[in-house]
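S.K.: Handing you a structure now.
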Amino acid sequence: MKKTRRANRKPKRKASAKPKKSATRAQPHPAISFGTDGWRGILARDFTIENATLVARAIARYLVEFEDIRRGVFVAYDTRFAAGRFARHVSEVLTSVGLDVRLAAEPTPTPALSFAVRSNGAAAGVMLTASHNPPPWLGIKLKAAFGGSASPRAHVFVGKQFASLPDFDVDGRVDGVSWARRPRCVVDRARARNTEGDSHAVESDKEPESRDSR
């Protein structure tokens, strides 16, 4: 009779249980890198309402700490998708901490915002744009009182704030404080087509426009 050879089989190991997914909500700030001239990200992936709120609050903290907030802040946006909606949201966050915010009522080029900040003596400007990046991108730029990019110190300070900012709700409240004050919508006359010395803004109550709302 032929002897059957027994295969030297190793005993099967019991499959280890897969680690359970954490029920805690992922923090949005690791996706933010506030560097030269601000922060940019892909819409709905990096550039979300949560991250935009964090950036706006970090900018607000810098302005309150180092700038004369009585001079006010100008906020503008370009024709990118949802830029107008994000600009209003950023304006509301800045307004919630007591800043006097003037929000552009229509898409505005970045140089026009810089001119408006300088000619009106504002403390700073915030621009919603992604510059040369492809259409799916959007960003937030911080402009200094002289109209150009904010200083490296400002960028470093803003970038360090994300880890220390407390949690927030996305339902219209920041740190439990409701946005009671609305930012003023303005149409800046200091644009390239009308720069005859009148740099004052014309106030308007209409909602800001962007390409997606037309």
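None of the figures in this text is laboratory data; all of them are computed from the coordinates on show. None of the values given here were measured: they were computed from a predicted structure. Note that each Cβ is placed from the backbone with ideal geometry, even for glycine, and that neighbours are counted across all protein chains shown.
S.K.: Using the beta-carbon distance between Asp68 and His132 and R0 = 41 Å, what value does 1/(1 + (r/R0)^6) give for FRET efficiency, to the nearest 0.05?
M.R.: Values: r = 32 Å, r/R0 = 0.79.
So the FRET efficiency works out to roughly 0.80.
S.K.: Further, regarding this structure: In nm, to one decimal, how far is the Arg45 label point from the Asp100 one, both placed 7 Å along Cα→Cβ?
M.R.: If labels sit at Arg45 and Asp100, their model points lie 4.2 nm apart.
S.K.: While we're on this one: Students often check this: by mean Cβ neighbours within 10 Å, which of 76-84, 37-45 ranks highest, and how do the rest follow? Walk me through the intermediate numbers first.
M.R.: Working: 76-84: 23.3, 37-45: 18.6.
For the peptides 76-84, 37-45, the packing ranking is 76-84, 37-45.
S.K.: Something else: Full-extension gain between Ser151 and Ser33, please, as 0.36 nm times their residue separation minus the C-alpha to C-alpha distance. Can you show the working numbers first?
M.R.: Details: separation 118, 0.36 × 118 = 42.48 nm, distance 1.58 nm.
In short, 40.9 nm is gained.
S.K.: Could you rank the peptides 86-95, 143-152 by their average count of other C-beta atoms within 10 Å per residue, with the highest value first? Working shown, then result.
M.R.: Working: 86-95: 23.9, 143-152: 16.1.
Sorting 86-95, 143-152 by mean packing, highest first, produces 86-95, 143-152.
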